[in-house]
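A quick write-up on the structure given underneath.
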Amino acid sequence: MGENWFIDVLLYAVYALLLVVTGLAVWSAVHRVRLNEKVKEPTRGVPSRGIAFVVCGLLLVVCLLTFLLGSSKPMLINGEWFKDVVWLKLTDMFIWTSVILLVIAAISVALGSLGIGRKLK
């Protein structure tokens, strides 16, 4: 019973953190959109509102694609078969979305440090 109790506490703590972080992310997005409505575009020559919408849209598209393409093949975990299709696909989605975003971030940093964006203008 002792070990299971700690696992339950850990799971509930993770659920609570996930709920808080999701709530803060939604609040932050809504707050940012409301602030951007008052600002004229572009700010100092940078279309920040357009960039924010494109990034958000691409993130949603990547999440949707990685969810649809994710594997639902059952896995043997600790001697038991895990067969829940939704959780298998969600796990695959988060892993592949993280990998794709890390690759995009690395490419963006490399292009930014080389100054290629300024040379194209």
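The values are calculated or read from the model by the stated rules, or taken from the named source; none is laboratory data. Not measured: the values here are computed from a predicted model. Ideal geometry is used to build each Cβ from the backbone, glycine not excepted, and the neighbour counts take in all protein chains shown. Accessible surface is based on the protein model in full, side chains and every heavy atom, while ligands, DNA and RNA are left aside. Shrake-Rupley method; radii C 1.70, N 1.55, O 1.52, S 1.80 Å.
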Worksheet item: Picking from Lys38, Lys89, Lys83, which residue would you name as being of a type in the set (Lys, Arg) and in contact with a Phe, Trp or Tyr (Cβ under 9 Å, 6 or more places away or on another chain)?
Response: Lys89
Discussion item. I'd like the full set of residues that are of a type outside the set (D, E, K, R) and farther than 24 Å from Leu58 by Cα, limited to the range 70-110.
Written reply: Pro74, Met75, Leu76, Ile77, Asn78, Gly79, Trp81, Phe82, Val85
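Here is a yes/no grid of residues against (1) in contact (Cβ under 8 Å) with a residue 24 or more places away in the chain; (2) assigned to a helix (DSSP H, G or I); (3) touching a helix residue (DSSP H, G or I) at 6+ places or on another chain (Cβ under 8 Å):
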| site | (1), (2), (3) |
| --- | --- |
| Leu10 | no, yes, no |
| Leu24 | no, yes, no |
| His31 | no, yes, no |
| Gly50 | no, yes, no |
| Ser71 | no, no, yes |
| Trp96 | yes, yes, yes |
| Leu101 | yes, yes, yes |
| Ile104 | no, yes, no |
| Ile107 | no, yes, no |
Worksheet item: Can we say Gly70 is modelled with pLDDT of 90 or more and open to solvent by less than 70 Å² (accessible area, probe 1.4 Å)?
Response: yes
Worksheet item: In the range 41-67, what residues are exposed (fewer than 13 other Cβ atoms within 10 Å of the Cβ) and of a type in the set (Val, Ile, Thr)?
Response: Thr43, Val46, Ile51, Val54, Val55, Val61
